[in-house]
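The values are calculated or read from the model by the stated rules, or taken from the named source; none is laboratory data. All of these numbers come straight from a predicted model, not from anything done at the bench. Here the Cβ positions follow ideal geometry from the backbone for every residue, glycine too, while neighbour counts run over all protein chains shown. Each accessible area value is taken on the protein alone, full model and side chains, heavy atoms only, with ligands, DNA and RNA left out. Shrake-Rupley method; radii C 1.70, N 1.55, O 1.52, S 1.80 Å.
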Amino acid sequence: MKKHFLKTLLLTATLIFTSLGVSFAEPKKGGTLIAAVGNNPRHLNPAVQSGIVTGFPGAQLFATPIRYDNNWEPQPYLAESWDISDGGKTVKLNLVKDAVFHDGVPIKSSDVKFSLETIKKHHPFKTMFAPVVSVETPDEHTAVLKLSSPHPALMLAMSSQLMAIIPEHVYGDGQDPKTHPQNSENVVGSGPFKLVEFKSGEHIILERFDDFFIDGRPYLDKMVLKIIRDPATRTIGLENGEIDFYAFENVPTNINRLKKNANLNVTPDGYAAIGPIDWLAFNTKSGKTADVNVRRAIAYAIDRNFILKAIMLGVADEARTGIHPGSPYYEPDVEAYDIDIDKANKILDDAGYKKGSDGMRFGLNVDFGWPGLRPNAEYTKAALKKIGIDVTVRQSADFPTWAQTVSNHNFDLTWDTVFNWGDPVIGVHRTYQTSNIKKGVIWSNTQQYSNPKVDAIMEKAGVENDMDKRKALYSELQKMLANDLPVYWTNTLPYHTIYSNKVGNPPMGIWATSSPMDMTYIKD
């Protein structure tokens with residue numbers, strides 16, 4: 001069985017290398033990868049914590065049932081195969097038979113059941129496994145997921161950092177898994193690397209797990225993840241060779257600076273499933289922005305090309321909808337709201353918002369969720385002045401303060417960056433569902449947008465297994481949202497991966513470093 005599994009994985013690796021345009025050569029085993037992490041993770045257990053900061057070490061420490069190549073195709077991982085039946089309502093996972101946790105205890109189907117139930121209860125992404133009503137374990141190497149309805153997002157939800165397989169014999173001890181001490185120390189994982197040390201604010205040291213279920217992997221002996229918050233310090237470290245690898249770089253000046261270094265590779269590839277999008281969100285229930293005419297006028301007054309060229313310095317892509325351009329569901333043929341000041345003024349005039357003696361119609365506040373979005377907020381103030389809207393830029397004391405303001409609906413406009421997380425059911429629906437209007441919960445439907453027709457389309461798309469039909473539904477959805485404009489989408493966040501010439505096969509699939517790096521190696 002293992003020989004068959006390894007043959008399958010070797011073929012998978014060859015396909016991945018080929019699809020990336022990389023010649024498949026025998027990787028060198030051994031060596032240490034020095035990588036940077038941009039923020040300090042709260043802990044290392046992605047089963048109960050979202051976010052790319054936990055996702056990087058978490059995907060190395062914990063295996064998932066499947067993994068994805070960069071063509072959005074599922075590949076074997078902890079599940080060597082799977083069967084889908086009953087119209088998509090039964091999914092049988094056939095697990096690798098000789099897989100063990102880092103403490104040597106065999107990984108069994110009961111661990112898969114326990115992990116999924118823990119994720120359903122404690123992970124913030126509630127839609128990922130919502131239709132899963134039970135997990136049957138007919139034997140130690142078979143887990144059967146029973147669903148109440150078809151769930152085309154399920155395969156993506158079983159990959160990346162989203163379905164970490166955690167040990168029941170550790171986390172089933174009655175303690176809260178969100179605060180379990182072994183989330184950060186003595187971590188018992190299921191993935192290619194095991195934890196040596198997590199020193200908060202300084203580093204995470206991982207080393208090769210010799211009994212990993214894929215023979216010969218990982219190639220690296222060790223990974224040292226240095227926690228470096230300051231972008232300038234990371235950039236200097238990459239330039240002088242102290243850092244071999246960094247993912248999720250999004251500072252345009254640093255990206256363009258590092259592109260000039262002949263010893264480094266700088267690429268935007270690998271973030272399609274993460275799906276980060278910058279947008280200007282509107283409060284659709286109170287104040288002037290409750291009027292769709294005001295929202296449309298504002299969109300026509302914001303120059304997306306200015307943002308792409310002057311603020312993002314040419315390193316980001318246009319995004320016309322809430323679905324990332326790298327997704328197979330992206331629909332670019334929507335109202336783009338290209339800059340048109342005359343049209344914006346006419347919309348406001350026709351809607352009865354007349355200019356006063358000072359040339360202003362009314363005032364609005366604009367907030368921003370991340371320091372990097374301050375230029376967007378400042379630009380919004382200048383842009384909207386041209387159509388008679390007096391904008392006040394509000395800077396929150398810190399991120400939690402901004403999150404509290406927006407999640408409690410105490411805003412007019414706010415710039416934000418939100419992720420798709422692979423499938424629209426996971427990361428897109430949450431922004432527009434009427435049922436997801438929740439006070440105090442950031443990245444829910446904080447716009448308070450409600451359209452029964454939009455709800456109905458999302459509900460239908462969420463259970464449609466036919467790819468062409470699903471694409472058509474999401475195309476219709478994006479056109480409707482562009483008309484209602486609860487959010488004005490401008491660009492992708494310019495995530496880039498920077499790596500030294502000595503690094504072979506860095507993670508370039510759809511999940512970036514939220515995927516295992518068992519095939520990454522250090523060249524001669």
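Numerical summary
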read-out: Fully extended contour minus Cα-Cα distance, from Lys385 to Ala262, at 0.36 nm per residue; value: 39.9 nm
read-out: Furthest towards positive pole of dipole, Gly58, Ile227, Trp402, structure part the chain, Cβ charges; value: Trp402
read-out: Accessible-area composition of the chain, carbon plus sulfur, in percent [1.4 Å probe]; value: 48 percent
read-out: Ranked by how many other beta carbons lie within 10 Å on average, peptides 424-436, 179-191, 213-225 from highest; value: 424-436, 213-225, 179-191
read-out: Pairwise FRET efficiency - Arg42 versus Ser110, Cβ, R0 = 25 Å, nearest 0.05; value: 0.35
read-out: Three principal axis lengths of segment 242-281 [C-alpha, angstrom, descending]; value: 39, 21, 16
read-out: Around Arg304: net Lys/Arg minus Asp/Glu count, Cβ-Cβ under 12 Å; value: -4
read-out: Inter-label distance, nm, simple model (7 Å from Cα along the C-beta direction), Val334/Lys439; value: 2.9 nm
read-out: Compactness relative to 2.2 N^0.38 Å, alpha carbon Rg of segment 442-493; value: 1.23
read-out: Values of log10 I(q)/I(0), in the order q = 0.20, 0.22, 0.23, 0.28 Å⁻¹, for segment 130-199 under a Debye, Cα-only, solvent-free model; value: -1.08, -1.17, -1.20, -1.29
read-out: Net +/- balance of residues flanking Leu473 in space, Cβ distance below 9 Å, scoring K and R +1, D and E -1; value: +2
read-out: In nm, spacing of pseudo-spin labels at Lys471 and Asp176 (7 Å Cα→C-beta vector); value: 4.6 nm
read-out: Debye log10 I(q)/I(0) for segment 184-244, one point scatterer per Cα, at q = 0.19, 0.23 Å⁻¹; value: -0.78, -0.94
read-out: Cα gyration tensor shape of segment 290-364, rounded if a/c is under 1.5, else prolate or oblate by comparing a/b with b/c; value: prolate
read-out: Charge context of Asp342, other residues only, Cβ under 15 angstrom, K/R +1, D/E -1; value: 0
read-out: Extreme residue, positive dipole direction of the chain, given options Val112, Val292, Tyr330 (C-beta unit charges); value: Val292
read-out: Helix runs (DSSP H) in the chain reaching 15 Å along axis by Cα, Kyte-Doolittle at least -1.0; value: 2-19, 109-122, 467-484
read-out: Charge dipole of the chain about the Cα centre (unit charges at C-beta), most positive-ward option of Ala36, Ser500, Phe362; value: Phe362
read-out: Inter-centroid distance (Cα atoms) of segment 195-249 relative to segment 75-140, Å; value: 28 Å
read-out: Aspartates and glutamates whose Cα lies under 14 Å from that of Lys222, excluding same-chain neighbours fewer than 8 positions away; value: Glu197, Glu207, Asp210, Asp244, Asp518
read-out: Beta bridges per DSSP with both ends in the chain, % antiparallel, nearest 5; value: 75 percent
read-out: Computed over the chain: relative contact order in percent, which uses C-alpha pairs under 8 Å that are six or more apart; value: 21 percent
read-out: Projected label distance in nm at Leu313 and Asp342, using a 7 Å step from Cα toward the beta-carbon; value: 3.6 nm
read-out: 11 Å cut-off, amide nitrogen to a point 7 angstrom out along Asp211 Cα→Cβ, residues in segment 89-106; value: 99-106
read-out: Difference of contour (0.36 nm per residue) and Cα-Cα distance, Lys146 to Asn186; value: 11.1 nm
read-out: Relative contact order, percent, segment 476-522 [alpha-carbon distance under 8 Å, six or more residues apart]; value: 29 percent
read-out: Charge dipole magnitude, Cβ of K and R +1, D and E -1 - the chain, Cα centre, debye nearest 20; value: 840 debye
read-out: Two-decimal Rg/Rh across segment 300-425, once Rg and the Kirkwood Rh are taken from alpha-carbon atoms; value: 0.99
read-out: Spherically averaged projected area in nm², based on the convex hull that wraps the Cα atoms of the chain; value: 23.7 nm²
read-out: Alpha carbon convex hull of segment 55-149, projected area averaged over orientations, nm²; value: 6.8 nm²
read-out: Within segment 317-379, trypsin sites (Lys or Arg not before Pro) in DSSP loop having at most 12 other beta-carbon neighbours inside 10 Å; value: Lys354
